[in-house]
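S.K.: Sharing a structure below in structure tokens format, with a few things to ask.
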Amino acid sequence: MAVNAQAVSSEASATRPRREREQELLVWPDLVFVEFIAAMVFTFMFVLLSTMLDAPLLNQANLDITPNPSKAAWYLVALQELLLHMHPALGGVIAPTIGLAIIGAFPYIDRSNDGQGTWFGTPNAVKIILFSGAFASIFTVALILYDQGRHVNVITNVVQRSDKDWQWPGKLAPFQNVRSIQTGWEWSIPVPVSAQLGPGEHDGELNWPDDFTHVPMPFNGTSGPDWMRWGPPTFLPAWMQAMYWYDLNMNTPAFVVELFIPVAIMVILPVIMILMMRKLGWIHTMRDGSIGIFTGMMAVYFILTIIGAGFRGAGQDLVMPWDVPHID
Amino acid sequence: MAVSEQPPGPGLTNWLSEKLFHNYIWRSIFRSGYPSTPRNQMLVVATNVFLHLHPTRLHKTHVRITHTYCLGGITFFFFLSLTVTGVMLMFYYVPAADRAFQDVAALETNIRFGMLMRNLHRWMAHGMVISVFLHMMRVFYTGSYKPPREFNWLVGVILLTLTLALSFTGYLLPWDQLSIWAVTVGMNMAGTVPVMGQQQQLLLLGGFEVGDAALIRFYTLHVIGLPLIAAIFMAVHFWRIRRDGGLARPL
Ligand code: HEM
């Protein structure tokens with residue numbers, strides 16, 4: 001027994017660990033040296049940069065003078081860009097928080113060990129990165145251009161050459177930009193007068209957007225049959241009262257424009273992207289899918305930052321970088 | 001550890017090194033000479049308070065620059081340098097709405113190397129935000145968040161948030177048009193959160209607009225609150241790297 005045990009242990013320590021050892025280097029000097037060089041290079045680079053380029057200092061802060069445009073710090077400009085296209089709480093807080101949560105969740109979604117510790121470790125990683133990067137960038141740019149509505153001016157100009165009085169037809173308002181669904185789009189469908197309950201005009205027509213701006217929320221206490229009507233819940237503590245939707249009516253057109261469509265786009269596009277790559281036979285594992293989602297998120301963030309920082313001029317209008325005004 | 005690996009010989013250099021490095025004061029600080037044997041090199045890493053963040057040896061892929069691009073290390077380097085330059089800036093800066101701007105302006109004109117310190121602090125802050133993003137991307141694309149490193153990835157996400165928060169709070173301190181409006185824009189975003197938004201904004205600003213109360217809160221968070229928390233999380237981050245068996249590599 002003793003002899004056997006020794007044979008086993010000496011074999012183990014003689015072969016496997018030695019192969020491991022041969023792959024290993026000493027931290028001193030190999031790593032410490034690299035770290036030292038990196039620290040030196042960066043110290044030198046930044047001292048040089050700082051002697052050449054001065055940090056900005058504008059006029060003293062004054063809340064009475066609003067610079068136009070006023071922008072957030074560059075790493076938050078992406079969120080500021082989102083604010084232009086959706087409800088501020090969604091673009092500024094909820095979407096980024098969910099984004100961060102998804103980033104944090106990657107190790108718990110993708111628990112496999114494939115591709116661990118090597119760059120682009122799965123067979124299709126590079127293809128997935130290129131595809132999802134391009135997909136996310138193209139759709140982000142396209143959506144921003146759409147919502148800015150520049151194509152409306154271009155098309156109007158072209159058509160007006162032959163037909164002077166041409167205007168973008170109201171029926172096609174949703175194709176101008178997303179806000180036009182709420183403000184520039186009108187249609188109506190006939191309904192029985194008796195079915196019209198809301199506070200709006202009972203004219204036998206359901207009109208968009210007017211008849212949809214005050215849709216009572218369920219259980220808001222002020223709508224529906226008598227047994228569903230009650231007073232404000234004053235017996236609750238104040239913070240709970242603040243959370244209860246008493247007397248709240250939903251502005252459906254605003255809801256569609258500010259929340260529903262943006263959320264739908266942010267959910268559906270990534271799903272389509274992943275499905276396309278599955279069809280292409282590139283995505284086989286959670287790791288592959290995670291690479292696609294992560295790359296897409298990084299690309300969106302990058303594009304939003306570029307556009308927000310470089311292409312947003314006075315009034316947050318989309319302009320060329322050289323037309324962005326200098327603030328002082 | 002042995003004091004010296006070589007016996008002192010004749011010649012000027014040896015005489016000099018003898019006088020410089022073998023005197024009582026030097027040896028009270030550095031107990032040993034240059035570690036020139038593998039054994040001593042491992043010992044120096046294991047026993048030195050700063051170096052012992054590292055293992056004594058590591059796999060050779062991890063020394064290759066193209067594996068990590070040193071990005072985590074560079075982020076940490078920025079953090080340390082920002083602490084140094086930030087302390088210097090604190091000597092001259094008073095966080096009061098009627099003084100802050102003048103103090104920063106004076107830093108640029110009246111104080112020797114004041115401008116250099118301010119520039120370094122500013123550019124390195126931008127550098128840290130960029131490098132922390134790149135570090136996250138390198139960790140992701142090398143698949144280094146996989147088991148057993150899940151939690152360290154989470155610690156990293158917290159560090160990313162803290163880095164952004166540090167940068168955001170610092171942005172207000174020069175008290176110029178750029179800073180106050182950038183922070184106003186940012187705080188308005190925070191204020192739109194359903195239910196909690198208003199309270200959150202009130203908590204951070206100490207009022208309804210960016211004023212004196214906000215400045216002192218941002219300052220306190222920027223110079224002590226957030227750096228302290230970030231330092232603690234960095235300690236956990238580095239400790240976990242060691243506990244998880246060093247950097248990730250193929251199984
Ligand atoms: C203040 C911010 C941070 C500092 C100072 C920092 C520092 C470091 C350092 C020095 C390393 C050693 C390897 C390397 O240099 O790449 C490392 C590894 C690691 N970092 Fe960070 N980091 C930070 C933020 C992050 C973030 C934002 C993430 C991810 C979301 C992250 C996740 C990781 C993981 C998982 C490892 C282990 C990598 C491996 O095993 O190869 N860290 N970090």
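S.K.: Here are B:GLU18, B:GLU108: which of them is among the acidic types (Asp, Glu) and open to solvent by less than 60 Å² (accessible area, probe 1.4 Å)?
M.R.: Working: B:GLU18 fails: open to solvent by less than 60 Å² (accessible area, probe 1.4 Å).
Unique residue meeting the criteria: B:GLU108.
For every residue, the table says whether it meets (1) closer than 28 Å to A:GLY281 by Cβ; (2) at pLDDT below 95; (3) assigned by TED's automatic domain parsing to the domain that holds A:ASP288.
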{"position": "A:THR97", "(1), (2), (3)": "no, yes, yes"}
{"position": "A:GLY104", "(1), (2), (3)": "no, no, yes"}
{"position": "A:ASP110", "(1), (2), (3)": "yes, yes, yes"}
{"position": "A:GLN116", "(1), (2), (3)": "yes, yes, yes"}
{"position": "A:GLY121", "(1), (2), (3)": "yes, yes, yes"}
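S.K.: Also, I was wondering about something else. Name the pairs: first residue in segment B:50-70 and closer than 16 Å to A:PHE36 by Cα and more than 8 Å from chain A (Cβ to nearest Cβ), second residue outside any strand (DSSP E or B) and among the aromatic types (Phe, Trp, Tyr), Cβ to Cβ under 9 Å, at least 6 apart or on different chains?
M.R.: Correct list of pairs: B:LEU53/B:PHE238; B:LEU53/B:TRP239.
S.K.: Among the residues of segment B:146-155, which ones are near the ligand (Cβ under 8 Å from one of its atoms) and open to solvent by less than 10 Å² (accessible area, probe 1.4 Å)?
M.R.: B:VAL155
S.K.: Here is a follow-up. B:ARG112 fails exactly one of the following numbered conditions: (1) modelled with pLDDT of 85 or more; (2) within 13 Å of the ligand (Cβ to nearest atom). What is the number of that condition?
M.R.: So B:ARG112 meets the others, but not (2).
S.K.: How many residues does segment A:80-91 hold that are open to solvent by 10 Å² or more (accessible area, probe 1.4 Å) and free of Cβ contacts under 8 Å to residues at least 24 places away in the same chain?
M.R.: 2
S.K.: Is there a residue being within 11 Å of another protein chain (Cβ to nearest Cβ), within 16 Å of the ligand (Cβ to nearest atom) and either at pLDDT 95 or above or part of a helix (DSSP H, G or I) (or both) anywhere in segment B:85-97?
M.R.: The answer is no, given that none of the residues of segment B:85-97 is within 11 Å of another protein chain (Cβ to nearest Cβ), within 16 Å of the ligand (Cβ to nearest atom) and either at pLDDT 95 or above or part of a helix (DSSP H, G or I) (or both).
S.K.: Here is a further query. Hey, does segment A:254-266 have a residue that's in contact with a Gly (Cβ under 7 Å, 6 or more places away or on another chain) and surrounded by 14 or more Cβ atoms within 10 Å (Cβ to Cβ)? First the steps, then the outcome.
M.R.: Start the filter on segment A:254-266 by keeping residues that are in contact with a Gly (Cβ under 7 Å, 6 or more places away or on another chain), which leaves none.
Checking segment A:254-266: not a single residue is in contact with a Gly (Cβ under 7 Å, 6 or more places away or on another chain) and surrounded by 14 or more Cβ atoms within 10 Å (Cβ to Cβ).
S.K.: For B:HIS121, state whether it is more than 16 Å from the ligand (Cβ to nearest atom), in the same structural domain as B:TYR171 (by TED's automatic domain parsing) and within 14 Å of the chain's Cα centre (by Cα).
M.R.: yes
S.K.: Go through segment A:67-78 residue by residue and tally those that are open to solvent by 30 Å² or more (accessible area, probe 1.4 Å) and facing chain B (nearest Cβ under 7 Å). Show your work before the answer.
M.R.: Start the filter on segment A:67-78 by keeping residues that are open to solvent by 30 Å² or more (accessible area, probe 1.4 Å), which leaves A:68, A:71, A:74, A:76.
Pick out the ones that are also facing chain B (nearest Cβ under 7 Å) and you get A:71, A:76.
Going through segment A:67-78 one residue at a time, the tally reaches 2.
S.K.: Restricting to segment B:174-196, and then to whatever is more than 7 Å from every other protein chain (Cβ to nearest Cβ) and open to solvent by less than 20 Å² (accessible area, probe 1.4 Å), can you tell me which residue is farthest from the ligand (Cβ to nearest atom)?
M.R.: If we take residues in segment B:174-196 being more than 7 Å from every other protein chain (Cβ to nearest Cβ) and open to solvent by less than 20 Å² (accessible area, probe 1.4 Å), then B:GLY191 is farthest from the ligand (Cβ to nearest atom).
S.K.: Let me ask something else. Condition first: of a type in the set (A, V, I, L, M) and surrounded by fewer than 12 Cβ atoms within 10 Å (Cβ to Cβ). Now tell me which residues in segment A:139-187 satisfy that. Explain how you work it out, then say what you get.
M.R.: Looking only at segment A:139-187, we keep the residues that are of a type in the set (A, V, I, L, M), and these are A:141-145, A:152, A:154-155, A:158-159, A:172-173, A:178, A:181.
Those that are of a type in the set (A, V, I, L, M) and surrounded by fewer than 12 Cβ atoms within 10 Å (Cβ to Cβ): A:ALA142, A:VAL154, A:VAL158.
S.K.: Among the candidates B:GLY127, B:GLY143, B:GLY73, which residue alone is outside any helix (DSSP H, G or I), within 13 Å of the ligand (Cβ to nearest atom) and either within 30 Å of A:ILE109 (Cβ to Cβ) or not hydroxyl-bearing (Ser, Thr, Tyr) (or both)?
M.R.: Values: B:GLY127 fails: outside any helix (DSSP H, G or I); B:GLY73 fails: outside any helix (DSSP H, G or I).
Exactly one of B:GLY127, B:GLY143, B:GLY73 is outside any helix (DSSP H, G or I), within 13 Å of the ligand (Cβ to nearest atom) and either within 30 Å of A:ILE109 (Cβ to Cβ) or not hydroxyl-bearing (Ser, Thr, Tyr) (or both), namely B:GLY143.
S.K.: Would you mind stating whether B:ARG138 is more than 7 Å from chain A (Cβ to nearest Cβ) and within 16 Å of the ligand (Cβ to nearest atom)?
M.R.: Details: more than 7 Å from chain A (Cβ to nearest Cβ): yes; within 16 Å of the ligand (Cβ to nearest atom): yes.
Yes, satisfied.
S.K.: Are any of the residues in segment B:160-168 away from the ligand (no atom under 15 Å from the Cβ), more than 9 Å from chain A (Cβ to nearest Cβ) and either buried (at least 20 other Cβ atoms within 10 Å of the Cβ) or not aromatic (Phe, Trp, Tyr) (or both)?
M.R.: No.
S.K.: Okay, next question. Show the residue pairs that are 6+ apart or on different chains and have beta-carbon atoms under 8 Å apart, the first residue being within segment B:88-101 and without any contact (Cβ under 8 Å) to a residue 12 or more places away in the chain, the second being surrounded by 14 or more Cβ atoms within 10 Å (Cβ to Cβ).
M.R.: Qualifying pairs under 8 Å: B:VAL94/B:ALA100; B:VAL94/B:ASP103.
S.K.: Moving on. If we keep just the residues of segment B:98-124 that are among the β-branched types (Val, Ile, Thr) and assigned to a helix (DSSP H, G or I), which is farthest from the other protein chains (Cβ to nearest Cβ)?
M.R.: Going through segment B:98-124, the residues among the β-branched types (Val, Ile, Thr) turn out to be B:104, B:109, B:111.
Adding the requirement that they be assigned to a helix (DSSP H, G or I) leaves B:104, B:109.
On the way: B:VAL104: 6, B:THR109: 11 Å.
Ranking the candidates gives B:THR109 first.
The values are calculated or read from the model by the stated rules, or taken from the named source; none is laboratory data. Just so you know, these numbers come straight off a predicted model, no measurement behind them. No Cβ is skipped: glycine too gets one built from the backbone with ideal geometry, and neighbour counts run over all protein chains shown. Heavy atoms of the whole protein, side chains included, go into the accessibility calculation; ligands, DNA and RNA do not. Shrake-Rupley method; radii C 1.70, N 1.55, O 1.52, S 1.80 Å.
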